[in-house]
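Down below is the structure, laid out as structure tokens.
The values are calculated or read from the model by the stated rules, or taken from the named source; none is laboratory data. None of these values were measured; they are calculated from a predicted model. Using ideal geometry, Cβ is built from the backbone for each residue, glycine included, and neighbour counts are taken over all protein chains shown. Ligands, DNA and RNA are stripped out before the accessible areas are found, and what is left, the full protein with its side chains, is counted by its heavy atoms. Shrake-Rupley method; radii C 1.70, N 1.55, O 1.52, S 1.80 Å.
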Amino acid sequence: MTLQLDPTTSAPPSAPAEAATESPVSFTRRLIGLARASSGLILAVIVWQLGARSWLGATTPAPTEVLEAGWELIESGELWQHLAASGRRVAVGLAIGIGIGLVCGVAAGLFRVAEDLVNGPLQALRMLPTLALVPVFIIWFGIGDSFKIALIIVAPIFPIYLNVLAGIRGVDRRLVEAAESLGLNRFELTTKIILPGALPQILVGLRQALGIGWLTLVVAEMQTTPVGLGFLMNDAKEFLRTDQIFLVLVIYAVLGLLTDLFVRVLEHRLLAWRTGYEGK
């Protein structure tokens, strides 16, 4: 005896079909979230456009004028040259500075001897303003790229160091004791308990360090720079090109926002296990 299935009977929906029906909903939610996240920036641009050349100041260019100035520099190829120079400086400086801060923070967080060695000098250096280091670094490294990169290296060390140290010391002692009772060695304890527990605070330090890196780039490139965004701003100041000055400011702001967005995406992926309150 054979059993025949009725071809008119509808089969249960497959997983891809369910995913296909859910995708428009998730896409709509993402669009709404993107609109909410960018609403503040859109409002600021509208206010800027309405107030340009009037109550924001007679010399304040409108966003449309800034876009026109940017398009001129793009067509001439000058903007890409300055962006490449500035991007290289900040990338090298941030990579080295964040690495130094991370190593010092982990060492000081895990070992009290290391904390005694590095905490005092770093806290003293942290109190020095960046502008005060400019003449010293020019004497040491000259006026080339070495001086600018060195200045950028110093800036992100402190926020990374402080947040890594605070994150490690903020790990619950009971978790460490439970891991030790299960027989985890020092390396396993550090990589599986301490560093994951300190990761939220470390990412906060990373966001701060990236922002400070871009701020330091502005200071560094305002000093005897033949190429870079700082040179472009100084050159525009000499010729009273306020549209180009505002263009450089907008570029700095956009680059800072992009790096912050990168860390937030990284945070979303690495801290998916976290169940903290995220607002309504």
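Could you please find all residues in the stretch 215-241 being free of Cβ contacts under 8 Å to residues at least 24 places away in the same chain and either within 30 Å of Gly170 (Cα to Cα) or under 26 Å from the mean Cα position of the chain (by Cα) (or both)? Steps first, answer last, please.
If we filter the stretch 215-241 for residues that are free of Cβ contacts under 8 Å to residues at least 24 places away in the same chain, which is where we start, we get 222, 226, 233-240.
If the condition is that a residue be free of Cβ contacts under 8 Å to residues at least 24 places away in the same chain and either within 30 Å of Gly170 (Cα to Cα) or under 26 Å from the mean Cα position of the chain (by Cα) (or both), then Met222, Met233, Asn234 are the ones that fit.
Do we find that Leu151 is in a helix (DSSP H, G or I) and surrounded by 17 or more Cβ atoms within 10 Å (Cβ to Cβ) in this structure?
Yes.
Considering each of Ile245, Ile212 in turn, give the residue that is more than 25 Å from Thr59 (Cβ to Cβ) and either surrounded by 15 or more Cβ atoms within 10 Å (Cβ to Cβ) or within 19 Å of the chain's Cα centre (by Cα) (or both).
From the options Ile245, Ile212, the qualifying one is Ile212.
Right, Glu180: assigned to a helix (DSSP H, G or I), more than 24 Å from Gly93 (Cβ to Cβ) and at pLDDT below 85 or not?
In short, yes.
Within the stretch 65-108, track down each residue that is open to solvent by less than 20 Å² (accessible area, probe 1.4 Å) and under 16 Å from the mean Cα position of the chain (by Cα).
Looking only at the stretch 65-108, we keep the residues that are open to solvent by less than 20 Å² (accessible area, probe 1.4 Å), and these are 66, 69-70, 73, 79, 82, 85-86, 89-90, 93-94, 97, 101, 105, 108.
Scanning the stretch 65-108 gives Ser86, Arg89, Val90, Gly93, Leu94, Gly97, Gly101.
Sort through Ile153, Ile149, Ile160 and tell me the only one that's under 23 Å from Leu110 (Cβ atoms) and in contact (Cβ under 8 Å) with a residue 12 or more places away in the chain. Show your work before the answer.
On the way: Ile153 fails: under 23 Å from Leu110 (Cβ atoms); Ile149 fails: under 23 Å from Leu110 (Cβ atoms).
Going through Ile153, Ile149, Ile160 in turn, the sole match is Ile160.
Between Ala52, Ala114, which is more than 30 Å from Gly197 (Cβ to Cβ) and of a type in the set (A, V, I, L, M)?
None of the other options fit; the residue is Ala52.
Is it the case, given these coordinates, that Ala114 is touching a Cys at 6+ places or on another chain (Cβ under 9 Å) and either at pLDDT 80 or above or farther than 27 Å from Leu258 by Cα (or both)?
yes
If the Cβ limit is 7 Å and pairs must be 6+ apart or interchain, which residue in the stretch 250-270 that is among the aliphatic types (A, V, I, L, M) pairs with which residue that is open to solvent by 50 Å² or more (accessible area, probe 1.4 Å) and at pLDDT 85 or above?
Val263/Arg207
So for the stretch 125-139 (the condition being closer than 30 Å to Leu189 by Cβ, of a type in the set (Lys, Arg) and more than 23 Å from the chain's Cα centre (by Cα)), does at least one residue qualify?
The answer is no; no qualifying residue exists.
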